[in-house]
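The values are calculated or read from the model by the stated rules, or taken from the named source; none is laboratory data. Small disclaimer: the values here were computed from a predicted structure and weren't measured. Quick reminder, even Gly has a Cβ in these numbers, built from the backbone with ideal geometry, and neighbours come from all protein chains shown. Note: areas computed on protein heavy atoms with side chains; ligands, DNA, RNA excluded. Shrake-Rupley method; radii C 1.70, N 1.55, O 1.52, S 1.80 Å.
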Amino acid sequence: MDFINLPLLAVAAVLFLSLALGVFSTRAGFPLLLVFLVAGALAGEDGPGGYHFDDFALSFWVGNVALAVILLDGGLRTSFSRFRTGLKPSLLLATFGVALTAAVTGVTAMWLLDLEWKQGLLLGAIVGSTDAAAVFALLERSGVMLNERVSATLEIESGMNDPMAVYLTLALIATAAESGTGGGHWGDAGLSLLQQFGWGALVGVLGGFAVSAFVNRMPGDGGDGGIVALMIGAAGLGVFAGTGLIGGSGFLAVYLFGLILAKRAAARIPAALSAMDGYAWLAQAGMFLLLGLLVTPSALVTTAWPALGVACVLMFVARPLAVWLCLAPFRFRPHEVWFIAWVGLRGAVPIVLAIFPLIAGVSRAMLLFNVAFVVVLASLLLQGTTIGLVARRLRVALPSGANEREMRAVFGDFSLDANAPIGSICGFYGLPVPPEPDRPVAAWLATALGRPPVVGDHLRIGHADLSVRAMEGPRITAVGLKLEGDAVAGG
C-alpha cells in the first residue's frame, strides 16, 4: 500500500503545513493564497521536496474545477441587491477594461521580452483579468469594510471577466499558430465571444431557477446544510461542464447560477454556506499548490526583471488606465477609482490561462507561463498585502458601528432625520438652500449624488458635508452632518 500511503502522506503534510503557516501569516498581512503557491514551488523539483511535476493537462483540469467551485461560492455570497450599484461598471470593466488592460500590457511585454506582437498580446490577454479566488479571499480577510459600490464592483467584475480573458487568449492562440495575420480567425472568435457570454448567462440563470425550485421543495427544515451543499456543488459543476460543452462560459454560468440560487432559495442556502466555504478553501488550496508545483523557480531567474517590469506596468499603468476610463461615466469618487484600480488582483486564472499556449504548442509558451507566474507572485505580494492599508489611506473603508470615534470622524457629530426638509436644515445651519427646499433631505441627497447611493457617500454643501449614514435597501434612512473644519474632502 506504499504507493497510496506515501503520496497521501506527502500531500496531507504539505496541505496541513501550508494552512498552518497561512493562518499565522495572515496576521502580518501575508496572503494565504501566496503561501499555497510558494509551498507548491518548494515541494517541486527546485525546492526541498524535489518532486518533478509537469502534468499541465491535469493542472488545467484541476484549475478549472477549482475555479468553478470558487465562483459558485462567490455567487452564493453575493447579494442580488448589490447589482444595483455594481452591475453596470462591472460589465464595462469585465469587457472593455480587460481588453484595454491586455493591450497595454501586451505592448509592454513585446518591448521588455522581445516578443512578436502575437505573443506579446497573448501574454497581455493571459494576465488581463482579475482573479475571483484572490478577490473574494483577500477582500474578506483584509480586515476592512468597504462601501457597497466599491466592494460590489470588485466582486462582480472578478466573477464576470473570465469570458473576455478566455476569448482573447483563444483568439490570439489561433492567430499565433498561423503564419499569416490570422484575420480569418477573428470573425469566428467574435462569434465565440457572443456564445461565451450568451450561453453562459442563459444556462446559469435557467439552472439557478431550476435547482432553486428543487431545493425549496426538499423535505426537512433547512438544517441539513451538508447535504444541501453537496447537491449545490454537484449541480454547479454540472452547469459549468454543460455550458462549456455547448460553447458557453462555464465560469460566468456557475457564478450566475450561485447568485440566482441564493436569491430564490434564501431559506435553505445559509445552512449550506459553511460547508461551501470549506469546499472553496479546499479548491483554492489544491489549485494553488498544484500550480506552484508546475513552476521551476530556477527558470524564472533569466526573465525575472523583464517579468517584473510587465507586472509593474500592469499594476501601475494598464489597470489604472482601464479603470479610470471604464468608471468615468458612473461618477465614482476619485479615491474609490484609485482603490478599485489597486485591487486588480491576479491569481490562479492567469496561470491556468497560461497553460492554454503550452497545450496548443505555441512558440515560447513556457516563457509566457513563467512571466504569468511572476506577475501573479508580484500581484499577491504587493497588492494582496496592502488592501487594508490602501483602503484606509484612500478613505474607502467604513467605520465599525461600535467605534463611536470613527463614526464621528466619517459621518460627523450630527445625525439628521432622513425625512426632515432640506430647506429647514440648510436654514438652521446657514447653508445655501437648494431648489425644492421641501424635499426630505434623504431624497434630495440621493438625487444630488447623481449615482445610486451607498453608506459612506459624501456631498459638500456650503460649509458642511452631508453623508449617507444608514440605508435600508436602496432607501437612505439616516443622514450625517459635518460642519466646516471636519468635512471630508473628495465627495
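In terms of Cα to Cα distance under 15 Å, which aspartates and glutamates are near enough to Lys482, apart from those fewer than 8 places away along the same chain?
Hits, sequence-local ones excluded: Glu404, Glu406, Asp413, Asp417, Asp457, Asp465.
Among Thr130, Ile156, Thr105, whose Cα sits farthest toward the positive end of the charge dipole of the range 36-162 (+1 at Cβ of Lys/Arg, -1 at Cβ of Asp/Glu, about the Cα centre)?
Result: Ile156, furthest along the dipole toward the positive end.
Provide, for q = 0.18, 0.22, 0.26, 0.30 Å⁻¹, the log10 of I(q)/I(0) from a solvent-free Debye sum over equal Cα point scatterers in the range 216-261.
Each listed q corresponds, in turn, to -0.58, -0.75, -0.90, -1.04.
Whenever you get a sec, line up Val38, Val150 from highest to lowest accessible area (probe 1.4 Å, protein heavy atoms).
On the way: Val38 60, Val150 0 Å².
Accessible-area ranking of Val38, Val150, largest first: Val38, Val150.
Ignoring ligands, DNA and RNA, what accessible area per residue does the chain give at 1.4 Å, in Å²? Let's see the in-between values first.
On the way: 20650 Å² over 491 residues.
I get 42 Å² per residue for the chain.
At a probe size of 1.4 Å, how large is the accessible area of Met366, to the nearest 10 Å²?
Result for Met366: roughly 80 Å² accessible.
Just subtract the alpha-carbon distance of Phe83 and Trp111 from 0.36 nm times their residue separation and send over the number in nm, one decimal.
Values: separation 28, 0.36 × 28 = 10.08 nm, distance 3.94 nm.
Result: 6.1 nm gained on full extension.
Between Leu381 and Glu404, what is 0.36 nm times their sequence separation minus the Cα-Cα distance? Round to one decimal in nm.
Working: separation 23, 0.36 × 23 = 8.28 nm, distance 3.35 nm.
Extra length available between Leu381 and Glu404 comes to 4.9 nm.
Given bins 5 angstrom wide, list per bin the percent of all Cα-Cα distances in the range 281-351, short to long.
With a bin width of 5 Å, the distribution comes to 3, 13, 17, 17, 15, 15, 11, 7, 2, 0.
Remind me, relative contact order of the chain in percent, using alpha carbon pairs under 8 angstrom and six or more residues apart?
Values: 837 pairs, mean separation 100.1, N = 491.
About 20 percent, as a whole number.
Would you calculate, for the chain, the mean residue ellipticity at 222 nm contributed by helices, counting each DSSP H stretch of 4 or more residues as -39,500 (n - 2.57) and dividing by all residues, to the nearest 500?
On the way: 23 runs with 318 residues, N = 491.
Rounded to the nearest 500, it is -21000 deg cm²/dmol.
Can you tell me the length gained on complete extension of the stretch Tyr429 to Leu8, counting 0.36 nm per residue apart and subtracting the Cα distance?
Values: separation 421, 0.36 × 421 = 151.56 nm, distance 7.06 nm.
Extra length from Tyr429 to Leu8 when fully extended: 144.5 nm.
Among the lysines, select those whose C-alpha is under 30 Å from the C-alpha of Lys263, and discard any that sit fewer than 8 residues away in the same chain.
Straight-line reach from Lys263, under 30 Å: Lys88.
With charges only on Cβ, +1 for K and R and -1 for D and E, what is the dipole size of the chain about its Cα centre, in debye, rounded to 20? Intermediate values should be presented prior to the final figure.
Details: 28 positive and 31 negative charges, 191 e Å.
For the chain, the charge dipole is close to 920 debye.
When only alpha-carbon atoms are used, what values of Rg and Dmax, in angstrom, describe the chain?
Cα-based Rg and Dmax for the chain come out at 24.0, 84 Å.
Using +1 at the C-beta of Lys and Arg and -1 at the C-beta of Asp and Glu, which of Ser90, Val166, Asn147 has the Cα lying farthest in the positive direction of the dipole of the range 44-192?
Result: Asn147, furthest along the dipole toward the positive end.
Show me the helices of the chain, taken as full DSSP H stretches, that run 18 Å or more along their long axis by Cα and average 0.0 or above in Kyte-Doolittle hydropathy.
Working: long enough: 2-25 (33 Å, 2.03); 56-77 (31 Å, 1.49); 98-113 (21 Å, 1.86); 162-176 (21 Å, 1.43); 183-216 (50 Å, 0.80); 225-245 (30 Å, 1.77); 250-264 (21 Å, 1.51); 269-294 (36 Å, 1.37); 348-360 (19 Å, 2.65); 365-378 (20 Å, 2.69).
Qualifying helices, which must be both long enough and hydrophobic enough, are 2-25, 56-77, 98-113, 162-176, 183-216, 225-245, 250-264, 269-294, 348-360, 365-378.
If you restrict to DSSP beta bridges whose two residues both lie in the chain, what percentage is antiparallel, to the nearest 5? Intermediate values should be presented prior to the final figure.
On the way: 19 of 20 bridges.
Counting DSSP beta bridges with both partners in the chain, the antiparallel share is about 95 percent.
On the accessible surface of the range 346-491, probed at 1.4 Å, how many percent belong to carbon and sulfur atoms?
Details: 3480 of 6230 Å².
About 56 percent, which is the carbon plus sulfur part of the accessible surface.
What longest range of the chain stays clear of loop-exposed trypsin sites (Lys or Arg not before Pro) (DSSP non-H/G/I/E/B, at most 12 other C-beta within 10 angstrom)?
Details: sites that count: Arg217, Arg331.
It runs 1-216.
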